[in-house]
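Data block below; observations after.
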Amino acid sequence: MASSAWQKSTQSAANDNCVEVRTASGLVELRESDDSGAVIHTTPAMFAAFLRGAKAGEFDHHTHPTN
């Protein structure tokens, strides 16, 4: 199965500090645009669950350090 092209958010503009995503061999692959050698592989279902959680704010507490 062929891989799709790497995509990044349109919100990233010309910035190279972003996450890119593509599909490959039935999996979803993620990488940082400034470190293209490190690739994370996950299933489409797990990636969809992560996106739902992110949209719902489940990870927002990680953006603010606790005192």
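The values are calculated or read from the model by the stated rules, or taken from the named source; none is laboratory data. Computed from a prediction, not measured in an experiment: that's the story for all the values here. Cβ: placed from backbone, ideal geometry, glycine included. Neighbour counts: every protein chain shown.
Within the stretch 40-67, the residues that satisfy the criterion of being within 19 Å of SER3 (Cβ to Cβ) and surrounded by 14 or more Cβ atoms within 10 Å (Cβ to Cβ) are THR42, PHE47. Annotation: ARG31 fulfils all but one of (1) at pLDDT 90 or above; (2) more than 14 Å from the chain's Cα centre (by Cα); (3) under 19 Å from TRP6 (Cα atoms); the unmet one is (2). Taking residues in the stretch 15-27 that are farther than 17 Å from ALA48 by Cβ and at pLDDT 90 or above, and partners anywhere that are assigned to a strand (DSSP E or B) and among the polar types (S, T, N, Q), the pairs with Cβ atoms closer than 7 Å and at least 6 places apart or on different chains are GLU20/GLN7.
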